[in-house]
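Some notes on the structure that comes next.
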Amino acid sequence: MAAEAGELKPAAMEVEGTEAPSSKPPRFRIPVDSDNKATEFWLFSFARPHMSAFHLSWFSFFCCFLSTFAAPPLLPLIRDTLGLTATDIGNAGIASVSGAVFARVAMGTACDLVGPRLASASIILLTTPAVYCSSIIDSASSYLLVRFFTGFSLASFVSTQFWMSSMFSPPKVGLANGVAGGWGNLGGGAVQLLMPLVYEAIRKIGSTPFTAWRVAFFIPGVLQTCSAIAVLAFGQDMPEGNYRKLHRSGGMHRDSFGNVLRHAVANYRGWVLALTYGYCFGVELAVDNIVAQYFYDRFGVKLSTAGFIAASFGMANIISRPGGGLMSDWLSSRFGMRGRLWGLWVVQTVGGVLCVVLGTVDYSFGASVAVMILFSFFVQAACGLTFGIVPFVSRRSLGLISGMTGGGGNVGAVLTQLIFFHGSKYRTETGIKYMGLMIIACTLPITLIYFPQWGGMFLGPRPGATAEEYYNREWTEEEREKGYNTGSLRFAENSVREGGRSGSQSKHTVHVVESNV
């Protein structure tokens with residue numbers, strides 16, 4: 001019997017899919033789990049491939065945010081030069097975030113099929129010409145077009161989140177996604193401060209206002225170009241290597257578009273997160289488009305002052321979105337997936353209440369600034385909490401689920417701009433108030449999300465349900481026999497704490513079940 005047990009052990013390891021580390025297992029400076037995903041987050045390290053991917057992803061996304069929102073801080077100048085109406089400005093604001101709706105879905109699919117490195121660099125390079133063309137616009141229609149095509153670059157957010165989910169273990173994925181997304185979104189605040197300063201510097205050199213704001217667009221254009229080159233030169237798709245190499249060596253299954261699409265569209269959790277993300281990140285995009293002009297027109301402050309105030313909204317991302325991701329991981333360690341869901345609902349709902357308050361205190365400059373800053377922390381933290389949940393929805397269609405959720409953010413931004421800030425239907429402060437009510441209403445569907453193996457906000461897990469069973473449903477019996485689901489099984493094994501503190505008791509059950517297959 002001892003001999004038989006000794007013979008069964010290696011077989012169990014093979015079925016388990018831990019890839020019994022072959023002759024030359026990969027070695028990493030950072031501690032990793034059985035799936036080679038980092039189990040620690042070294043913020044100030046560039047250790048390859050995990051932390052280098054982190055820094056490349058957030059910085060490239062940061063540059064895309066700079067480009068997309070480079071125009072709003074200079075809008076009073078652009079408006080006067082081109083003779084833009086309120087309708088023209090509203091249409092351009094909608095255009096800047098609408099293009100990325102489909103681009104983000106496409107980006108998610110591209111990440112699943114060719115990897116985040118090529119997908120990210122491609123969209124960044126393809127949209128760079130539109131940034132440079134911003135310097136030669138001469139009409140309302142050309143202004144709308146450059147903002148529309150530049151906005152496609154925001155699809156790089158999806159590759160950022162996919163990349164982090166591929167590099168970091170489940171207990172750290174919320175933090176990694178939160179910091180990468182938050183520091184990338186930081187570009188929306190930094191640009192509000194940067195562009196007026198660049199404009200003033202060019203003016204002091206001797207340029208006319210007509211020329212100065214046009215030349216200023218070359219700064220975000222050059223940064224975006226350099227970030228794409230860095231991603232291509234120094235990035236790596238997975239801890240084990242790039243997709244192309246892994247496909248050729250047989251280390252990764254080459255999936256089809258149809259299978260990726262089917263499993264993403266059929267998972268209702270992805271649609272719910274897309275809706276709710278539309279009213280945290282979507283609201284953030286809408287505010288980025290209106291906040292500088294709002295304070296400039298409503299309180300009569302200087303352009304640079306309006307830019308500084310607007311910058312504070314986006315700059316909160318340096319700690320707010322990472323804080324949301326960290327909170328998601330902390331809640332998971334204590335309460336499992338149910339803690340992540342409750343955290344998202346509470347934080348986003350509070351953000352909606354603060355948005356209503358912001359639209360109500362428009363009579364006071366000081367109160368408006370204070371509430372806006374507090375509002376920014378909650379709405380951005382909700383973004384981090386959202387992507388603390390996204391990586392667990394699907395493994396086979398992780399990229400497309402990320403794209404659907406990210407695209408939902410842009411849909412929310414488009415609808416919010418169209419309904420509340422387009423033309424002169426509502427005063428801006430009234431639109432802000434109604435936007436807050438929309439946030440509260442569209443956060444309620446989070447209560448519908450339920451994972452059989454972990455539970456939901458109001459219901460516990462289904463008896464006998466396991467993470468392995470949940471993720472295996474995405475693979476046919478034939479695919480499982482060929483080992484295509486190996487990565488999903490490893491992820492399920494490393495996601496054990498999503499069941500809460502009691503869920504850790506099931507960790508060894510995974511090995512037993514798989515060993516008897």
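Couple of notes before you dig in:
- In region 443-482, the chymotrypsin sites (Phe, Trp or Tyr not before Pro) that fall in loop regions by DSSP, at most 15 other Cβ within 10 Å: 458
- Computed [θ] at 222 nm, helices only, for the chain once each DSSP H run of length n ≥ 4 contributes -39500 (n - 2.57): -23000 deg cm²/dmol
- Computed on protein heavy atoms with a 1.4 Å probe, the accessible areas place 330, 58 in the order 330, 58, largest first.
- Surrounding net charge for residue 315, when Lys and Arg each add one and Asp and Glu each subtract one, Cβ distance under 14 Å: -1
- FRET E, pair residue 85, residue 136, Förster distance 22 Å, beta-carbon r, rounded to 0.05: 0.55
- Here the gap between residue 27 and residue 197, fully extended at 0.36 nm per residue and compared with their Cα-Cα distance, gives a gain of 56.7 nm.
- Only protein atoms count toward the accessible area here, which uses a 1.4 Å probe; on the chain, the carbon and sulfur part of that area reaches 65 percent.
- Relative to the current alpha-carbon distance between residue 102 and residue 441, full extension at 0.36 nm per residue lengthens the span by 119.6 nm.
- Of 238, 435, the residue with the largest accessible area leads and the full order is 238, 435 (1.4 Å probe).
- Spin-label model distance (nm) - residue 268 vs residue 43, 7 Å beyond Cα toward Cβ: 3.9
- Area of residue 112 that stays accessible when all protein chains are in place (1.4 Å probe, Å², to 10): 20
- Residues 214, 248 ordered from highest to lowest accessible area at a 1.4 Å probe: 248, 214.
- Couplings 3J(HN,Hα) for region 128-136, derived from phi with the Karplus relation 6.51 cos²θ - 1.76 cosθ + 1.60 (θ = phi - 60°), are 4, x, 5, 5, 5, 5, 4, 7, 10 Hz, where x marks Gly and Pro.
- With viscosity 0.692 mPa s and temperature 37 °C, the Kirkwood radius over alpha carbon pairs of the chain converts through Stokes-Einstein to a diffusion coefficient of 141 µm²/s.
- Computed with a 1.4 Å probe on the full set of protein chains, the accessible area for residue 127 sits at about 10 Å².
- On the basis of the beta-carbon distance and an R0 of 51 Å, residue 215 and residue 299 show a calculated FRET efficiency of 0.95.
- Across region 40-57, coupling constants 3J(HN,Hα) worked out from phi with the 6.51/-1.76/1.60 Karplus curve, θ = phi - 60°, read 10, 10, 9, 4, 9, 9, 10, 4, 7, x, 5, 6, 5, 5, 4, 5, 5, 5 Hz, and Gly and Pro carry x.
- Of all aspartates and glutamates in the structure, those lying under 15 Å Cα to Cα from residue 302, and not within fewer than 8 positions of it along the same chain, are 200.
The values are calculated or read from the model by the stated rules, or taken from the named source; none is laboratory data. As the structure is a computational prediction, the values presented were derived from the model and not from experiment. Note: ideal-geometry Cβ built from the backbone for every residue, glycine included; neighbour counts use all protein chains shown. Keep in mind that these areas ignore ligands, DNA and RNA; they rest on the heavy atoms of the full protein, side chains included. Shrake-Rupley method; radii C 1.70, N 1.55, O 1.52, S 1.80 Å.
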